1. Any idea what log10 I(q)/I(0) is at q = 0.12, 0.18 Å⁻¹ for the range 101-182, Debye with uniform C-alpha scatterers and no solvent?
2. With Rg and the Kirkwood Rh both taken from Cα atoms, where does Rg over Rh land for the range 167-238?
3. Between the range 78-151 and the range 347-388, how many Å separate their Cα centres?
4. Contour minus end-to-end for Leu210 and Gln107, with contour as 0.36 nm per residue of separation and end-to-end as the Cα-Cα distance?
5. Multiplying the sequence separation of Thr145 and Ala41 by 0.36 nm and subtracting their Cα-Cα distance, what value in nm do you get?
6. Taking the Cα centroid of the range 162-187 and of the range 397-418, what is the distance between the two, rounded to the nearest whole Å?
7. Let me know the Kirkwood hydrodynamic radius for the range 40-256, please, with Cα pairs as the basis and the value in Å to one decimal.
8. May I ask you to derive the FRET efficiency for Glu174 and Lys133 from their Cβ-Cβ distance with R0 = 51 Å, giving the value to the nearest 0.05?
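Readers should treat all values here as calculations from the given coordinates under stated rules, not as data from a laboratory. Keep in mind the model is a prediction, meaning the values are calculated, not measured. When we count neighbours, we look across all protein chains shown, and the Cβ atoms used for this are built from the backbone with ideal geometry, even at glycine.
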Amino acid sequence: MVRCWWLAGLLVACAAAEHPLRWEPRCRQQLRHLQDGARIAARLPPRLEGRWVSTGCEVRPGPEFLTRSYLFYHNRLFKAYQFYYWDPFCRDPSYSLVIKGKLRLRQPSWITRGATEADYHLHKVGIVFHSQKAMREVASWINQTSSEGCSGFLPPGRAWAPGALYELLSAKSERDCTAALGFAMHELSLVRVEQHQQPLMQPGHSGSRLVEELYLGDIHTNWLERLHYRPTGYQRPMQSAMHHVHPCPACGIIYRADEHHPPILPATAQLPMRLSGSWVSTRCEVRPAVLFLTRYFIFHGTNHTWEGYYYHYSDPLCQQPTFTIYASGHYTQGIPSSKVRGGTELAFKVTQARVTPMDQVTVMMLNSSEAGSCGLTGFWSAGVEQDITPTNGCLALGIKLPHTEYELFKTEQDTKDRSLLYIGERPTDGSSPDSPDKRPTSYQAPLVQCAGASEGFSNYVSLKYVGERDANGNEALKPLPVAFLLFIALLFLRWD
């Protein structure tokens with residue numbers, strides 16, 4: 001009898017369900033996960049003491065390939081290693097820099113929310129060459145472009161001396177020969193430290209481990225500007241040598257390295273460029289000029305079309321939305337980059353776009369824009385999407401349609417065997433790579449593949465619900481017919 005009442009209650013609850021439950025595919029789950037700001041803690045002021053290391057081979061504009069290892073002491077002194085390479089896998093060292101100085105944290109940044117501004121002073125910068133070729137090339141740069149005090153930095157034809165340390169900068173002698181290398185430590189003028197917990201993935205283990213990440217200021221994409229640029233965004237984060245993501249094959253290798261023994265990272269297989277599928281941000285991203293956003297892309301390889309969602313926020317945890325941009329178009333067949341080894345060059349054409357303002361500040365800005373420059377002026381409202389294709393974009397948001405961008409892509413696999421997609425870094429000055437000569441030579445934060453080419457949504461079928469398409473064409477869940485539930489109930493009753 002008790003079982004009968006239990007089944008009757010179940011039938012009533014199922015039959016009374018009014019709202020269909022929507023699928024939560026991996027892509028949406030990842031975006032929801034990024035908005036869970038409670039999992040991230042950022043200390044103000046940040047605590048820097050200890051060693052911080054790169055988690056892989058980094059690409060800077062130029063391109064430059066490097067790894068970093070920075071040590072901060074309790075007395076505000078620091079010692080930093082920068083290891084430069086000929087190749088994008090960081091296996092063929094060119095030269096190493098050892099940098100010593102002092103750092104003083106100041107106030108929270110007024111420009112980049114969540115960051116701390118800092119002042120630094122360099123005491124010494126030394127260089128160690130790892131081949132005769134590297135020595136000859138760097139000496140040529142310095143002798144040709146430096147001031148009179150550096151013109152004789154290294155005499156032509158001088159033999160390479162393995163392990164020899166040459167002084168590039170000395171505060172005592174007021175000598176500075178670093179400009180020819182495009183070297184500056186302005187990245188230290190903007191600092192942020194984040195902490196989060198990484199779940200333990202080993203079988204039979206529960207709990208989590210602490211992960212600490214150090215975000216330092218971004219490097220200007222224009223080589224001529226980088227020497228005096230003051231960062232407003234970040235470059236790829238370093239991680240604490242004590243508290244880093246596991247596994248991290250590169251972390252221990254970089255931690256044990258010094259200027260005489262540069263890290264040689266493990267060999268990795270080059271993946272073919274397969275864009276088809278869905279890709280989503282792995283973190284709340286920060287761009288120069290104070291833009292916080294997450295990205296979600298869908299590439300259709302059969303007809304070379306793409307769709308992109310750009311979710312913009314006003315805070316560094318991506319919890320306070322300001323506006324969303326949906327864009328679509330098509331892209332060209334990729335060709336290997338002649339400038340950035342390991343990269344693929346493509347051209348993307350944006351033909352359609354829609355905007356959804358998410359706060360009143362953005363609504364007011366769009367409604368006060370010039371008529372005909374951004375959708376239907378005066379008709380913008382929070383949470384309501386407008387098509388800006390008829391007005392050839394949106395002048396207030398810097399969107400121009402139709403529009404072609406010359407891009408740089410690459411794919412990798414991380415230590416968890418996930419596919420990662422790197423898209424070219426946006427120009428620091430806020431412009432667009434709308435000509436081949438403005439094509440990026442470095443990358444933004446990676447996107448992770450959340451669905452394959454044929455997986456728009458999960459094809460898992462629940463016991464209680466079957467999938468259907470809603471009015472927008474999205475897969476939803478609706479209750480099974482009551483007759484089917486009655487049939488199951490009768491089977492249970494017969495077992496009594």
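1. -0.48, -0.79
2. Values: Rg = 18.6 Å, Rh = 15.1 Å.
Radius of gyration over Kirkwood radius for the range 167-238 works out to 1.23.
3. Between the Cα centres of the range 78-151 and the range 347-388 lies a distance of 43 Å.
4. On the way: separation 103, 0.36 × 103 = 37.08 nm, distance 2.62 nm.
Working it through step by step, the gained length comes to 34.5 nm.
5. On the way: separation 104, 0.36 × 104 = 37.44 nm, distance 4.47 nm.
Result for the pair: 33.0 nm of gain on full extension.
6. 35 Å
7. Numbers: mean 1/r = 0.0539 Å⁻¹.
That comes to 18.6 Å for the range 40-256.
8. Numbers: r = 31 Å, r/R0 = 0.60.
My answer for the efficiency is 0.95.
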